Amino acid sequence: MDPVPLDSNELYSIVSVMQDRIEDQLSWSWLNFREVFTDTLASTVSLGALTVIVAVVLYIVISKRMQDNTTTFLLTYTLLDWVTAFSAWLMSLSRAAQAYALVRSKIADIYGATDQLLYCVATSDCAQAYSVPNGVPDYTSHGCAGTALLAADVVMREAVISGPLLFVLSAQKRWVAAIPLLSLFLASSASAVLHVKNTCEPGAIPEADAVYSGDGWLVFDPVPVDAATARLAWLTNVYALLLILHRLWEDREAIKAYMSDDPIRAGAKWVAWVGVTFAVPAFITETWMTYYDSHEGGRSSDSAVVYAFFALTNSLLIPLMGMYPGLAGLFQRLRRRDVDPDGEVTAWADGKAITPVYPVETKSNVADPSADETL
């Protein structure tokens, strides 16, 4: 039996259905892919620059044999935002892989729809022509992977802070202070693991909350850590800060020696140092974030160059301002410190050697009253 000629209205209806679905899916996937590619490139450049900075700092610290606890703390402070930048880079790679998989899948769907349309025209059998193919992309796990990376970032930042403190406390056999810190860290880590597990379970994310969904697959944005994990991480960091403050209290005699000669002048120096080291980068960060949000991160402009500018500046400026206090403290110590043949880091002021505030070995942590300054 000869095929029945295809009615033009039916053909138009089939093509319209295909066009609407394909344009809607492919245009979203392509726009998302363009932004993701720019974000990935920006995060790669940012991580590379920050890695160079951290590598140079590590080389200087190691070559100068700066082994005191204060240098360790400042170096730890510097590494925090590098860890976050590294996590952001991994997330950008995961998001790029998913965006590429979505575009590739939609292109394959277009080929499938074209084949169905040709078959419909050739045979007038158009039963399948109204059903646009909706293949499963090769990678749709960015939501789960990104959630795991966000949780890992929180845990790694805790580890960078708590690890050196636990090492120092255990070396000094101060178990009463070390055990609570270790317990809080392990609790927050376990809570982060449970959060990732619950988020990545099938059906945990409602389809209504998905960024994009298809037949049997779901794409969603990464989920930040839950309230329980965030609270445990906060408690861990607060407890670590209290331990650091307690150590400063133990070294109060050294601080008094620093302030003894001219407390007003010394106090003014401290205020100026705190302002330049902490207030200025915080002000720059807040100003930039306000500007970034007001322009929707460059999305308010159709220019790819404008979006790339916002993406690169945001990925580099934010972690750099976070690292600045630690870098400034290390630079200050480099100006005033030298290394003796035995490996002990010794401070110098006005040509006089000063006992370190945080000695390498177990010694008195009271500064020499005859010195004009301590670190």
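The values are calculated or read from the model by the stated rules, or taken from the named source; none is laboratory data. Since we're looking at a predicted model, the values are computed, not measured. Cβ: placed from backbone, ideal geometry, glycine included. Neighbour counts: every protein chain shown. All accessible areas refer to the heavy atoms of the entire protein, side chains included, with ligands and DNA or RNA removed. Shrake-Rupley method; radii C 1.70, N 1.55, O 1.52, S 1.80 Å.
Using a probe of 1.4 Å on the protein chains alone, the accessible area found for V103 is around 20 Å².
Using θ = phi - 60° in the Karplus curve 6.51 cos²θ - 1.76 cosθ + 1.60, the 3J(HN,Hα) couplings for region 80-97 round to 4, 6, 5, 4, 5, 5, 5, 5, 4, 5, 4, 5, 5, 5, 5, 5, 5, 4 Hz; x is entered for Gly and Pro. Between N198 and D302, the distance separating the two model label sites (each 7 Å from Cα on the Cα→Cβ line) works out to 4.5 nm.
Would you mind counting up the charge near L317? Only other residues with Cβ under 12 Å from its Cβ, with Lys and Arg at +1 and Asp and Glu at -1. Working shown, then result.
On the way: positive: none; negative: D81, E286.
Here the count lands on -2.
Listed peptides 189-202, 291-304 appear in the order 189-202, 291-304 once ranked by packing, highest mean of other Cβ atoms within 10 Å at the front. The calculated FRET efficiency for the pair A190 and V211, based on their C-beta separation and a Förster distance of 35 Å, comes to about 0.75. Out of every Cα-Cα pair that region 287-331 contains, those further apart than 17 angstrom amount to 40 percent. Each peptide in 204-211, 111-118 gets a packing score, the mean of other Cβ atoms within 10 Å over its residues, and the list from highest to lowest is 111-118, 204-211. Working note: Cα atoms of region 52-180, range along each principal axis, descending, whole Å: 84, 35, 14. A simple spin-label model places the labels of V15 and R336 7.9 nm from each other, with each point 7 Å out along Cα-to-Cβ. Reported to the nearest whole Å, the Cα centre-to-centre distance from region 92-110 to region 175-228 is 25.
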